[in-house]
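The values are calculated or read from the model by the stated rules, or taken from the named source; none is laboratory data. The structure presented is a predicted model; accordingly, all values stated were derived computationally and were not measured. Reconstructed Cβ throughout: ideal geometry from the backbone, glycine too, with neighbour counts over all protein chains shown.
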Amino acid sequence: MAVDKSTVAHIAKLACIRIPEAQQEALAGELNSILGWVEQLGELDTQGIAPMTSVVEMRLPKRVDAVTDGDCRDKVIANAPESAHGFFSVPKVVE
Amino acid sequence: MSLVQGKTGEWEVVIGLEVHAQVIAESKLFSGAATAFGAEPNTQVSLVDAAMPGMLPVLNEKSIEQAVKTGLGLNAQINLTSVFERKNYFYPDLPQGYQISQYLQPIVGEGVVTLDLPDGAVKEVGIERLHLEQDAGKSLHDQHPTATYIDLNRSGVTLMEIVSKPDMRSAEEVGAYLEKLRSILRYLGTCSGNMEEGSMRCDVNVSVRHPGEDLGTRTETKNVNSIRFAKQAIEHEAKRQIALIEDGGKVTQETRLFDPDRGVTRAMRSKEEAHDYRYFPDPDLLPVVLDPDWVAELKRGLPELPDAKKARFTADFGLSAYDAGVLVAEQETAAYFETVVAGGGGRDAKQAANWVTGALFGALNRGGMEIGAAPIDADKLGGLLDLLEAGTISGRIAKDVFDAMWESGKDAATVVEEKGLKQISDSGAIEAIVDHAIADNPGQVEQFKSGNDKVLGWFVGQIMKASQGKANPGMVNQLLRKKLT
Amino acid sequence: MARLNELTIAVARDGLAKGDFSAKELTEASVAAMESVRPLNAFITETPERALDMAQASDARRAKGDVGVLEGIPLAIKDLFCTEGVLTTAGSHILDGFIPPYESSVTANLWRAGAAMLGKTNMDEFAMGSSNTTSYYGNVENPWRRQGENRPLVPGGSSGGSAAAVAARCAPGATGTDTGGSIRQPASFTGLVGLKPTYGRCSRWGIVAFASSLDQAGPLTRTVRDSAIMLRAMAGHDPKDSTSVDTPVPDYEAALSGDVRGLRIGIPKEYRMEGMPGEIETLWRDGIKWLEAAGAITVDISLPHTKYALPAYYIVAPAEASSNLARYDGVRYGLRVPGATLDEMYEATRGEGFGAEVKRRVMIGTYVLSAGYYDAYYNKARRVRALILRDFTEAFENVDAILTPTAPSAAFAIGERMDDPIAMYLNDIFTVPANLSGLPGISVPAALTGDGLPLGLQVIGRAFDEETMLRVAGVLEDAAGFDAEPAFVAGR
């Protein structure tokens, strides 16, 4: 495993974070050292162990199907950096 | 197998579908906001749907029930444990930055849909899986020259993604599959199937190959929201791929968009980043665990589905597979038909089928109406059939009576009474008309006597005309023969 | 009597009940104290008017005989809790100007119990940090100083502002959140009690998410009793959080019987880390002695996978965070940095809006979930997590609680350990296992280092057995008799 500059650029793209090129090399180094450190997990034999997601031992609760929420457009868009006519607004997307 | 002729030989088109069906429910998959169609922008959005910081999903029990019902209706395996995962990508109408969906462990596994093809053949299409997921919001690109507007009303609405195996080979099969699937979903009450409102949409995966070869590279066409468009998209895409390969090119695996105005598919202009959705189990939720007894109870409560109903209609009523198929496509039609047949102490099923698929469908089509809104309900149509059966009206008059009933909403007996359309079955009255016709047309009588049997039909026509169609045609025939020979 | 801002919750409660002072007077003292500790940078937003309004409303309720368990007590709230109508930042630039139109379940519970909000406390950005040096709103200073030294020290993190505010006596209690030690480690660094409840005990609804499977809210207070009082008000089932557990909330204060006779206390040998300062070893041994003297039985136990907890945590937490932080995209709230295209807007907003540590973790999380690495990192870490939980499950077959140090060091100076992320991560080495396994943990101030800085001992309990854990903590507290005060106390 070695994260290089181009991996940093790729991951930054996936994460939608601008990392200026000048910082990519340094970040690659940091990520490498963190990844190198977590790789000690490889020492452990985890065969037959199911991956764990939640510590909560219960069934997923469910709600009754009823309209109990929504109809609060003012609250929904109150914090929007840009909105118009009740919509959120973003730079035009070309599909 | 339907093959497409190309310059270099015959091509087989291989099609698989991913259908996104909106689950019928009052509220969203993980929030209590409403799901109704056509609301003002962002008025059916909770803080959860808008992905405000710290908001958490809580599962709608109805979504689970609807998915399981659908799975049962598709003869599919129900997975007693399923897991909601996060599918991570950025898009402005995806507020969380991830879609909650099911990936490795969907709620429904493999199943099968049986298609009734127009030529009477039957074909099975495999279902790969059905999983639940959140719908995204809506991006409006045409409201402003430099901005895209976002409406989150649909954000978080429950969708079932129903993935078929690549078992279809023509646009017709795809049409039949979508119709059948829609029919099953409507029977189950799990999806309205209303493609205009977007409650059923599909992504179409198409590839081509020479028969017997391995599967070719496929494209995925998104944004297909009617059966007609699905057929167009497939036909266009198959032609495009064949032409491309025959000209020495290669099909690229890509996502394409269907342009309904031009009936063509085109590659998406936005740069397709190599998608890496980084699925992982949603830590805000726990696995969905179903109780097998509950699943069994749902199964017991399922309605009779189109295939079973069709089998019963052919077996019990002696209908043709085609007629039965037409009648069961919509639950309301089948129920209408069965009410007609069951009424009046039992009516002739074939006669009933003819009237429903003939006069009734014709009138509905002309009026652009659903069967539930028809001015002639099943009991009224039954009344008409009874008059016909009893010989009170002739078959020819019956059509007129039907039209009058459609116009007025009155029942058959009233229409017949008011318009004086009762069939004349009084032998004296008929004899008088017959005698009159014979007397007026000596030339034709001669022709008959010299062996031209066809003239008999001409006489019948004259007599029916003279009686304004009311003379009992059986009696007319009988009397004519007697008098002419 | 001590000045009002220096009272503990329990003492203030009794004073209010007796009518010695009003909630308004108590809150005024805290508001004044809050102003006087501004150099610590403990608060991002002060809400004195709201505090006084709430206090007056509390006095009115009391007059009618309507008294909640925190009636009239002013509290500081970590700025990770969404508070209706009050700026909520999570310590991040990306939440610029965000005013939630909703109140987190935990804070709503506190207000229902009668408490008043003093303000929103500073914290590591998105709760990612162990020193409160990653906040967009600047570093928080620990009110403690090394003897004979005036170098500012870190208060620990991520709930550093909450810890500093309580330690400096401007609030008798504060909320924190703990994903890998963010309540317990700052408690240890500032001489406070910090309690992370069992996962599922406190609702996560309305708390800005860091790592959903690990985050838990809890109190930071000066005494074990105060933590018991505060937890009772914070906890409870919430149907809006699918991981909130529906089990009754006991009267935790009633559990503080002081009687640990016959309780079996596990001493995990794997927590004896190489290079651990001798003072911490000594303190741990003292803790063992104190519990034995009180009649508890200490048992050597093994938690064999302990050393893998931290690396597993640094896969699981960033993975979840990378997804939880995807919603900060400049579309619906917070910062938007303009861009010609949507992608440019996204990347600029997130590039400028997130600080270095947050970016680092989002990048790590994105990487470990990406195609080709998912099994090697993320699934591996989840399997190791299962092993860590199994260690505890097996240990708790034999013991009633576990005693460990809280942190491998005392507070360090601002600026130290900043260039090596892993050195910073090691702060959480003793606290992370309880998060990975969902167990409750509490840090109790137990001693001073040679240069006069507080150190804490940690008690880990069985799931949903905060009562036994609190009882053990109470005995440690009594035995330690920790009464040292920080260099910087409000108003002195």
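Key figures
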item	result
Checklist (1) within 30 Å of A:Ile77 (Cα to Cα); (2) in contact (Cβ under 8 Å) with a residue 40 or more places away in the chain; (3) more than 7 Å from every other protein chain (Cβ to nearest Cβ); (4) buried (at least 23 other Cβ atoms within 10 Å of the Cβ) applied to B:Asp93, failing item	(4)
Flag if A:Ala80 is facing chain C (nearest Cβ under 8 Å) and not in a helix (DSSP H, G or I)	yes
Residue match in the range B:252-271 (condition: modelled with pLDDT of 95 or more and buried (at least 18 other Cβ atoms within 10 Å of the Cβ))	no
Which listed residue, of A:Val90, A:Val94, is at the interface with chain C (Cβ under 9 Å from one of its Cβ atoms), on the phi < 0 side of the Ramachandran plot and assigned to a loop (DSSP other than H, G, I, E, B)	A:Val94
Restricting the range A:68-95 to residues that are touching a Lys or Arg at 6+ places or on another chain (Cβ under 9 Å) and under 26 Å from B:Ile64 (Cβ atoms), the residue that is surrounded by the fewest Cβ atoms within 10 Å (Cβ to Cβ)	A:Asp69
Qualifying residue in the range B:5-25 (condition: among the polar types (S, T, N, Q) and free of Cβ contacts under 8 Å to residues at least 12 places away in the same chain)	yes
The range B:319-343 residues that are more than 15 Å from B:Gly372 (Cβ to Cβ), paired with ones that are in a loop (DSSP other than H, G, I, E, B) (beta carbon under 6 Å, 6 or more apart)	B:Val341/B:Arg347
Residue list for the range B:28-59, restricted to those being over 27 Å from C:Phe81 (Cβ atoms) and facing another protein chain (nearest Cβ under 10 Å)	B:Ala34, B:Thr35, B:Ala36, B:Ala39, B:Glu40, B:Pro41, B:Thr43, B:Gln44
Of all residues making up the range C:70-120, the number that are assigned to a loop (DSSP other than H, G, I, E, B) and either buried (at least 24 other Cβ atoms within 10 Å of the Cβ) or within 14 Å of chain A (Cβ to nearest Cβ) (or both)	25
For C:Gly415: the one exception among (1) among the small types (Gly, Ala, Ser); (2) crowded, with 22+ Cβ neighbours inside 10 Å; (3) assigned to a loop (DSSP other than H, G, I, E, B)	(2)
Single residue of the range C:231-253 satisfying the filter (touching an Asp or Glu at 6+ places or on another chain (Cβ under 8 Å) and more than 14 Å from chain A (Cβ to nearest Cβ)) that is farthest from B:Leu47 (Cα to Cα)	C:Tyr252
Search result, residues across the range A:20-50 that are in a loop (DSSP other than H, G, I, E, B) and at the interface with chain C (Cβ under 7 Å from one of its Cβ atoms)	A:Leu44, A:Thr46, A:Ile49, A:Ala50
Residue match in the range C:394-403 (condition: touching a residue at least 12 places away in the same chain (Cβ under 8 Å), surrounded by 24 or more Cβ atoms within 10 Å (Cβ to Cβ) and closer than 30 Å to C:Gly355 by Cα)	no
Number of the exception - B:Ile64 against (1) touching a Cys at 6+ places or on another chain (Cβ under 9 Å); (2) facing chain A (nearest Cβ under 8 Å); (3) more than 25 Å from A:Phe88 (Cβ to Cβ)	(1)
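Let's see how each residue does on (1) more than 18 Å from C:Ser92 (Cβ to Cβ); (2) of a type outside the set (Lys, Arg); (3) within 9 Å of another protein chain (Cβ to nearest Cβ); (4) touching a Gly at 6+ places or on another chain (Cβ under 8 Å):
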site: C:Ala309; (1), (2), (3), (4): yes, yes, no, no
site: C:Tyr314; (1), (2), (3), (4): yes, yes, yes, no
site: C:Asn324; (1), (2), (3), (4): no, yes, yes, no
site: C:Asp329; (1), (2), (3), (4): no, yes, yes, yes
site: C:Pro338; (1), (2), (3), (4): yes, yes, yes, no
site: C:Asp343; (1), (2), (3), (4): yes, yes, yes, no
site: C:Thr349; (1), (2), (3), (4): no, yes, yes, yes
site: C:Ser370; (1), (2), (3), (4): yes, yes, yes, no
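One line per residue, one yes/no per condition, for (1) part of a helix (DSSP H, G or I); (2) surrounded by 14 or more Cβ atoms within 10 Å (Cβ to Cβ); (3) aliphatic (A, V, I, L, M):
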{"site": "B:Thr333", "(1), (2), (3)": "yes, yes, no"}
{"site": "B:Glu338", "(1), (2), (3)": "yes, yes, no"}
{"site": "B:Gly358", "(1), (2), (3)": "yes, no, no"}
{"site": "B:Gly372", "(1), (2), (3)": "yes, no, no"}
{"site": "B:Pro375", "(1), (2), (3)": "no, yes, no"}
{"site": "B:Leu384", "(1), (2), (3)": "yes, yes, yes"}
